[in-house]
Number of protein chains: 4
Amino acid sequence: MKKVICEVTFIPLGESLSLSPYIAECLKIIEKSGLKYEFHSMGTNIEGEWDEVIKTIEKCQDKLFEMGVKRISTNLKISLRQDREPSMERKEASVKEKMAKE
Amino acid sequence: MKKVICEVTFIPLGESLSLSPYIAECLKIIEKSGLKYEFHSMGTNIEGEWDEVIKTIEKCQDKLFEMGVKRISTNLKISLRQDREPSMERKEASVKEKMAKE
Amino acid sequence: MKKVICEVTFIPLGESLSLSPYIAECLKIIEKSGLKYEFHSMGTNIEGEWDEVIKTIEKCQDKLFEMGVKRISTNLKISLRQDREPSMERKEASVKEKMAKE
Amino acid sequence: MKKVICEVTFIPLGESLSLSPYIAECLKIIEKSGLKYEFHSMGTNIEGEWDEVIKTIEKCQDKLFEMGVKRISTNLKISLRQDREPSMERKEASVKEKMAKE
């Protein structure tokens, strides 16, 4: 079991120009999963055990199909490290601290 | 001239495990550009005219090379629309509003 | 069980500038999996059942850690469709056919 | 002027499930550009000077808008190096050589 940070972006193809109804349903599933997450304008960053993150992504895709979507393009950017647990909070803090120095 | 939202991620290769010093320098350049941006744990979302966004990304890459980086993997996810101007704020608000409905 | 096409890119961080020894080991694992794949200069496209594809990607990441890599950035671009099975061959043929028409 | 390898993927949103007519038009533009490219089932890898590559991508996006597309999600994965010119051919050969060794 490995902890990861995973940015996920779902693009339902062949649907209306407004993707927000689909993204809102996916976010509800991510919220229910109990995993730590950060929603932003270009995707959603999820932090947690690999298996749980993958399972949550599968649930989102199933939901999109249930909503009538025929084709999905899913992008995952996964950050894995062996030296210590990855943390969204520490990643951001570490950059902001260095920016503040000068 | 087209307005875009562009998520950018720079990965300097062959460097130390800690990438935050590099990301901090890039963020300073993005801040100086005057473009609207949103920094998060898996990248930085920039909103603005395509030409200015691309120019800012070039400056970041030049800076990384100046810092001694030999090889960079840059990821851009670009959101372009013709029906209206893309907006990070509206994208997020639109999803949050739909989540709140239920 | 759903069939997908998944493009995978592994970037071992903090390692030497030459990533080919790492990519070669991952490709051996993908080859042994028996899944259909297409190796190209910017990643590897894998076609198969979602579960098997994810399991193969996990094996590659484990191998990279075994080789001493401390941190990995993995990118997945996943193509899922419900109307019919996705196929790398058909996708390429369909574009080439349309190019040839004019 | 820097030489890059850039993988580009265009996703026209809100269109039909079949994206191949759009991709075929983009490929014609890439072919006319004279840049070296490699088309595969999950994107197109282009090799050339940064400025020319970006200009070619702009032309593709303009073409998609001309074809009536209202919204595009473009993904770029850019490989830049300062120690030597990046080459699609060498990247692939280098991995294949290492795979053959064992």
>> Quick check on the exposure proxy: order D:Ser16, C:Ser41 from fewest to most C-beta atoms within 10 angstrom.
In response: D:Ser16, C:Ser41
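Report relative contact order for the range D:14-60 in percent, whole number only (criteria: Cα-Cα under 8 Å, sequence separation at least 6). Intermediate results must be reported in sequence, preceding the final value.
Working: 27 pairs, mean separation 15.2, N = 47.
After rounding, I find 32 percent.
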>> Cut-off 10 angstrom, C-alpha nodes, Gaussian network model of chain C. Which of C:Thr74, C:Thr56, C:Thr44 fluctuates the most?
In response: C:Thr74
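Cut-off is 10 Å between beta-carbons; in what order do B:Met42, A:Met67, D:Met88 appear when sorted fewest neighbours first?
Numbers: B:Met42 25, A:Met67 13, D:Met88 19.
Listed from fewest to most nearby Cβ atoms, that is A:Met67, D:Met88, B:Met42.
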> Between C:Lys32 and the same site in the other copies, what are the distances in nm, shortest first, taking label points 7 Å from Cα along the C-beta direction?
Replying inline: 3.9, 4.9, 5.0
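Beyond 31 Å, what share of the Cα-Cα pairs of the protein assembly as shown remains, rounded to the nearest whole percent? Could you put the intermediate results ahead of the total?
Numbers: 28309 of 83028 pairs.
Looking at the protein assembly as shown, the distances longer than 31 Å represent 34 percent of pairs.
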> In nm, one decimal, shortest first: how far is the label point of A:Asp83 (7 Å from Cα along Cα to beta carbon) from the matching points in the other copies?
Replying inline: 1.9, 4.7, 4.8
> Just how far, in whole angstrom, is the range D:35-102 from the range B:30-102 if you go by their alpha carbon centroids?
Replying inline: 20 Å
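Which trypsin sites (Lys or Arg not before Pro) in the range D:11-102 sit in a loop by DSSP (not H, G, I, E or B) and have at most 11 other Cβ atoms within 10 Å of their own Cβ?
Values: sites: D:Lys28, D:Lys32, D:Lys36, D:Lys55, D:Lys59, D:Lys63, D:Lys70, D:Arg71, D:Lys77, D:Arg81, D:Arg84, D:Arg90, D:Lys91, D:Lys96, D:Lys98, D:Lys101; in loops: D:Lys70, D:Arg84, D:Lys101.
Sparse-neighbourhood loop trypsin sites (Lys or Arg not before Pro): D:Arg84, D:Lys101.
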> What's the exposure ranking of D:Leu76, C:Leu64, C:Leu27, going from fewest to most Cβ atoms within 10 Å?
Replying inline: C:Leu27, D:Leu76, C:Leu64
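What percent does the relative contact order of the range D:3-100 come to when contacts are Cα pairs within less than 8 Å and at least six residues apart? Walk me through the numbers before you get to the answer.
Details: 122 pairs, mean separation 44.2, N = 98.
Relative contact order for the range D:3-100 comes out at 45 percent.
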> If you take the alpha carbon radius of gyration of the range D:3-100 and divide it by 2.2 N^0.38 Å, what ratio comes out, to two decimals?
Replying inline: 1.17
> Using 7 Å Cα-to-Cβ label points, what is the C:Lys55/C:Ser16 separation (nm, one decimal)?
Replying inline: 3.4 nm
> What Cys residues in the protein assembly as shown are without a partner cysteine, judged by a Cβ distance under 4.7 Å?
Replying inline: A:Cys6, B:Cys6, C:Cys6, D:Cys6
> For chains C and B related by rotation, which residue of C has the Cβ nearest the axis, and what is the rounded distance in Å?
Replying inline: C:Ile11, 3
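Each value in this text was obtained by applying a stated rule to the coordinates, not by laboratory testing. Note that the structure is predicted; figures quoted are calculated from it, not measured. Because the Cβ atoms are built from the backbone with ideal geometry, glycine has one as well, and the counts that use them run over all protein chains shown.
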